[in-house]
Amino acid sequence: CKTVQALILLRKWFSQKRGRVLIVVPSSTLYQWVEQFSEWCRDFKSDGLAICPIISSKNPILPIFDCYITSMDLLPDIIEKIKPLGIKLVVADEVQSFKNPNAKRSRALVEMIQKCNIKHKIFLSGTPIKNRLGEYFTVLNLLAPAHFPSWRQFVTRWLEAETTKSGAVVYKRLRKYAIDDFRNLTSRWIIRRETREVQADLPPIRFDYREVTISGPDLCHSYNALISDFTDWYNDPNCKKNNASLLGWLARIRHETEFAKCPQ
């Protein structure tokens with residue numbers, strides 16, 4: 001949904017001939033974006049509009065395309081080649097990936113936008129901003145530096161301190177008393193659509209239970225033996241139990257039930 005929304009905005013952008021565009025995406029979705037761009041902007045091809053995937057830092061980048069697309073991990077290696085292109089708009093997908101302001105990809109994005117004086121930016125994310133607010137400082141700083149000038153000010157004004165089991169202090173969640181103020185402020189730049197707005201027919205939570213009877217005697221014996229082993233392990237006070245070991249057992253049990261639901 002967010003990809004389509006961005007592409008609709010790009011159609012408007014190109015129809016007004018407002019300049020070159022750079023799209024920064026995870027490497028796993030690069031060609032998917034190319035296909036979607038070609039689909040939604042195909043009626044502009046008669047005007048010479050084309051998209052250029054940048055997949056290597058060794059190849060030259062010719063300033064003859066209207067749109068360029070690259071991965072966020074490659075961005076630090078090609079930033080000097082991108083600067084002369086005269087990019088006017090940047091589209092960045094999965095912007096929570098720039099959560100660490102000290103990461104190479106984050107520094108490259110900030111450098112490119114600032115040094116190229118890019119005023120137009122579209123940032124996309126499917127991760128709810130209210131759950132991991134600290135991950136969005138880099139993006140909010142780029143969108144509205146006057147309101148989010150520094151990490152220190154961001155933490156002091158908006159974030160609630162949490163102490164981990166190791167004793168480290170982390171900042172992830174929005175202060176409860178600041179929710180309305182933050183929502184009102186960021187509504188100037190953020191368009192947020194929740195599931196209930198897009199698919200109003202869906203219930204808030206949906207559960208689907210299926211009872212499966214294991215019919216094969218060999219599989220039934222294997223499943224019961226596995227459950228017995230798990231019970232013995234769980235009740236043994238000498239066995240170390242932690243999240244990793246419990247998840248390991250659950251994975252084995254789930255694997256066994258898959259054969260019951262879907263026989264080979």
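Output the residues belonging to the stretch 59-70 that are of a type in the set (Phe, Trp, Tyr) and either touching a Phe, Trp or Tyr at 6+ places or on another chain (Cβ under 6 Å) or open to solvent by less than 50 Å² (accessible area, probe 1.4 Å) (or both). Don't jump to the end; show me each part of the working.
Looking only at the stretch 59-70, we keep the residues that are of a type in the set (Phe, Trp, Tyr), and these are 65, 68.
The one that is of a type in the set (Phe, Trp, Tyr) and either touching a Phe, Trp or Tyr at 6+ places or on another chain (Cβ under 6 Å) or open to solvent by less than 50 Å² (accessible area, probe 1.4 Å) (or both): Tyr68.
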Could you list all residues from the stretch 188-225 that are of a type in the set (Gly, Ala, Ser) and more than 17 Å from Cys1 (Cα to Cα)?
-> Ser215, Gly216, Ser222, Ala225
Return the only residue of Ser15, Ser56, Ser71 being polar (S, T, N, Q) and within 20 Å of the chain's Cα centre (by Cα).
-> Ser71
Criterion violated by Ile190 - all others in (1) in a loop (DSSP other than H, G, I, E, B); (2) open to solvent by 100 Å² or more (accessible area, probe 1.4 Å) satisfied = (2)
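Would you point out the residue of the stretch 217-255, among those that are more than 32 Å from the chain's Cα centre (by Cα) and of a type in the set (A, V, I, L, M), that is least open to solvent (accessible area, probe 1.4 Å)?
The first filter runs over the stretch 217-255 and keeps only residues more than 32 Å from the chain's Cα centre (by Cα), leaving 217-241.
Still in the running and of a type in the set (A, V, I, L, M): 219, 225-227.
On the way: Leu219: 46, Ala225: 40, Leu226: 16, Ile227: 53 Å².
Within the stretch 217-255, the match that is least open to solvent (accessible area, probe 1.4 Å) is Leu226.
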Do you know which residues across the stretch 221-264 are in a helix (DSSP H, G or I), in contact with a helix residue (DSSP H, G or I) (Cβ under 6 Å, 6 or more places away or on another chain) and without any contact (Cβ under 8 Å) to a residue 24 or more places away in the chain?
-> Phe230, Trp249
Have a look at Ser97, Ser125 and point out the one that is touching a Pro at 6+ places or on another chain (Cβ under 9 Å) and among the small types (Gly, Ala, Ser).
-> Ser97
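Filter the stretch 97-116 down to residues that are in contact with a Ser or Thr (Cβ under 9 Å, 6 or more places away or on another chain) and either crowded, with 17+ Cβ neighbours inside 10 Å or not in a helix (DSSP H, G or I) (or both), then give me how many there are. Before you say what the answer is, go through the steps one by one.
Looking only at the stretch 97-116, we keep the residues that are in contact with a Ser or Thr (Cβ under 9 Å, 6 or more places away or on another chain), and these are 97-101, 103, 105-106, 109-110.
Retained after the next criterion (residues that are either crowded, with 17+ Cβ neighbours inside 10 Å or not in a helix (DSSP H, G or I) (or both)): 97-101, 103, 105-106, 109.
The total comes to 9.
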Asp73 versus (1) open to solvent by 50 Å² or more (accessible area, probe 1.4 Å); (2) modelled with pLDDT of 90 or more; (3) farther than 23 Å from Ile191 by Cα; (4) assigned to a helix (DSSP H, G or I): which is the lone unmet condition?
-> (4)
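So, in the stretch 195-216, of the ones that are open to solvent by less than 70 Å² (accessible area, probe 1.4 Å) and in contact (Cβ under 8 Å) with a residue 12 or more places away in the chain, which residue ends up nearest to Leu142 (Cα to Cα)?
The first filter runs over the stretch 195-216 and keeps only residues open to solvent by less than 70 Å² (accessible area, probe 1.4 Å), leaving 202-203, 212, 214, 216.
Subset that is in contact (Cβ under 8 Å) with a residue 12 or more places away in the chain: 212, 214, 216.
Working: Val212: 52, Ile214: 56, Gly216: 60 Å.
The qualifying residue nearest to Leu142 (Cα to Cα) is Val212.
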Could you please let me know if Leu185 is under 30 Å from Cys1 (Cα atoms), at pLDDT 85 or above and open to solvent by less than 50 Å² (accessible area, probe 1.4 Å)?
-> yes
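Go through the stretch 11-31 and give me each residue that's within 17 Å of Glu94 (Cβ to Cβ) and surrounded by 13 or more Cβ atoms within 10 Å (Cβ to Cβ).
Here is the first cut: in the stretch 11-31, the ones within 17 Å of Glu94 (Cβ to Cβ) are 22-31.
Within the stretch 11-31, Leu22, Ile23, Val24, Val25, Pro26, Thr29, Leu30, Tyr31 meet the criteria.
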Considering only the stretch 161-182, state which residues are open to solvent by 70 Å² or more (accessible area, probe 1.4 Å) and of a type in the set (Phe, Trp, Tyr).
-> Tyr171, Tyr177
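The values are calculated or read from the model by the stated rules, or taken from the named source; none is laboratory data. As the structure is a prediction and not an experimental result, all values here were calculated from the model. Here Cβ is always computed from backbone atoms with ideal geometry, including for glycine, and neighbour counts include all displayed protein chains. Accessible surface is based on the protein model in full, side chains and every heavy atom, while ligands, DNA and RNA are left aside. Shrake-Rupley method; radii C 1.70, N 1.55, O 1.52, S 1.80 Å.
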